[in-house]
1. Give me the extension gain from Glu83 to Trp263: residue separation times 0.36 nm, minus the current Cα-Cα distance, reported in nm with one decimal.
2. Need one number: convex hull volume per residue for segment 398-452, Cα atoms only, in Å³.
3. Could you give the Stokes-Einstein D for segment 132-298 in µm² per second, using the C-alpha Kirkwood radius, 10 °C, 1.306 mPa s?
4. Considering Cα pairs under 8 angstrom that are at least six residues apart, work out the relative contact order of the chain and quote it in whole percent.
5. From the P(r) of segment 123-203, can you give the percent of Cα pairs sitting at distances over 14 Å?
6. Take the Cα atoms of segment 379-483, build their convex hull, and give its volume per residue in Å³.
7. Hey, got the dipole for the chain? About the Cα centre, +1 on K and R Cβ, -1 on D and E Cβ, debye to the nearest 20?
8. Tell me, in nm to one decimal, what length is gained between Lys365 and Glu338 on full extension, where the rule is 0.36 nm per residue of separation less the Cα-Cα distance?
Amino acid sequence: MKKNVIVAAVAAAVLSACGGAGEKSEKLSSVDWNGMDTTVSPKEDFYRFANGNWMKNNPVPESESRWGSFNEVKDRNNDIIKEILNEASKNDTAEKGSATQLVGDYYYCIMDKEKRAVDGIAPIQSQLDKIDGLTKENLETFLADFHKTVGSTPFGFSIFEDLKDNEVYAVYLGQHGLGLPDKEYYFKQDEKSVETRAKYVEHVDKMFALANVNSKDAGKKILAIETELAGDMMNRVEQRDISKLYNKMAYADIKKQWNNFNWDKYFSAIGVTDFDSVIVMQPKYMAKFNKAIKNMPLSDWKLYFKWELINAMASTLTPEMEQQNFAFYSQYMRGAKEMKEDWKRAIDAMTSSVGDVMGKAFVEKAFSPEAKEKINALVDNLQAALGERLEQLEWMSDSTKLQAKEKMASFTRKLGYPDEWKDMSSLNISRESYAANKMAVNQWQFKDMLDKYGKPVDKTEWGMPAHMVNAYYNPIQNEIVFPAGIMQPPFFDPNAEDAVNYARIGAVIGHEMIHGFDDQGARFDATGLFKNWWTKEDLEKFKAQTGILVEQYNQYTPIEGNDEVKVNGELTLGENIADFGGLTIAYYAFQKSLEGKKEEEINGFTPEQRFFIAFGQIWKGNARDEYLRTQVQTDPHSPTEFRVNGTLSNMPEFFAAFNVEEGDPMRQPAEKIATIW
Ligand SMILES: [Zn+2]
């Protein structure tokens, strides 16, 4: 009873807020009517029914490998950021370490292609010299320096919360260091995989030539070395099982078992020595690394590190190297036809290096506190709807339900931007060179990570810059995070009707919440600990239901006329669960918002129908075949078509709204309909 009063109160807050916005404009906006193709039946292919005309009229731009809502919003955000960067880069007297200096000088260097052409590989020459000076004796100190300055290879070291004790940071070691996106690329024997490896060899050879680093058969040798290392790595699907990744080992045992490498020397060069256990994510791979240290000739290691260096720094060096890097990774692997404009690439690169500084500048210009308030109220409504769904679940026992509800009630919310921005003033950015700046960022980020060790866990930290058009759930802190970048049309529009906002930002919010209950998230408890809270029976039922979803998505083929390229139901399971559960709770929260209101049709569509159309439209998109082929092998998200059609064909609420009957393509047969959240 008490709970219902609370629900009614927050629901009212949203309604009056939306009403207020509506008074300004004549009428609230609804779905994109022009984007639809009503010649397609919603019972046959809802994705094309909702988006068919948009798809016809919006081919993928030459510089892109896919195009959709997320890109459109990102483009708008980029325009704002571009102005900030242009202004900052004109100022060459800004105080060292200030936001203006950091982003201004960084942007200046990236855009100065003439200087990059003249510099050639000079900015990485000292790193190449270090590799030439590599010996069996200095391997450990070399590697520590390489990890700090260039990247994690051939294994990664990190400081991260201990999954089983998330109040403290732990030392982690794990696999790293392949030039192709996943282990499987090295072993699959189908025609395309064989071709990809041949193209990769060619690419490596070209890059060595462009870098003017002499090495005969570099490509072939690199492929052989990486294949050898990849043999004992885990593939992406295996890595979804957290329990396989959590292997806490006594440091003394590591030193004993993998003794071809002097771990004491390595860790003291890294600067962390005060620990007695390490969480090893892939022990089998670390054993392989230990063997390779002994068996692989030093000359091969040198070649390998040169490739790792060139590959990691490619886009920061000469325009020719940047072009060749694009030709393989973006053109061949993802189907883009030409490079994005320089300033757009600069923003992408800077987002991963000085994202916090850019995010702060972005929200100062573009963030609306009203949007944050309204989204906060929507999160309240979604959370209430999830609570009611959990209560009503028929397959789950009361004891597990209690735990699930506790977890749901314990979500931490982060909306808009961090309470405290990261202080990056000690980052040494200059106008010397793009590559030097990139390495300075690497060192700064590494130190930032090291500084955490031994301190209490920082729960205010954000894992995504504020201007990003995205959102996330972090199971280790049981938190849902929505950056300012996504709090705008078409995801959230204060001038749009509820059906639209619930279906869009509502489904995004629901999606992130359900990540707390997907096949990975469900293994973490209310406090974020990697700890089982399920009864054995309930867990089995959960696995049986999610198994149905795996089978469903395994059938999907995203490239027209190609039955070989299939969605991987296991790789995408977590995202598919989140899409399905997220839309379901968004729907029920929307239903609640309709209570006491007259249901009006617009253009002949009911509020429920408009809700589903609005959802379908958030995932509108076109993608190149090459992109889809790479996506299904590497991306845990299903192609957008199936994020819509796959989700809806499990939803009785959708069947009712569009009168979809048993036997229609948009309705899974009864025995294949999963019931999860
Ligand atoms: Zn997700």
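Each reported figure results from applying straightforward, stated rules to the coordinates on display, with no laboratory input. Just so you know, these numbers come straight off a predicted model, no measurement behind them. Methodologically, a virtual Cβ is constructed for each residue, glycine included, from the backbone with ideal geometry; neighbour enumeration extends over all protein chains shown.
1. So the extension gain works out to 60.0 nm.
2. 151 Å³
3. In µm²/s, the coefficient rounds to 91.
4. The normalised contact order for the chain reaches 21 percent.
5. Everything past 14 Å amounts to 74 percent.
6. 149 Å³
7. With only Lys, Arg, Asp and Glu charged at Cβ, the dipole is about 1220 debye.
8. Length difference between fully extended and current span is 6.6 nm.
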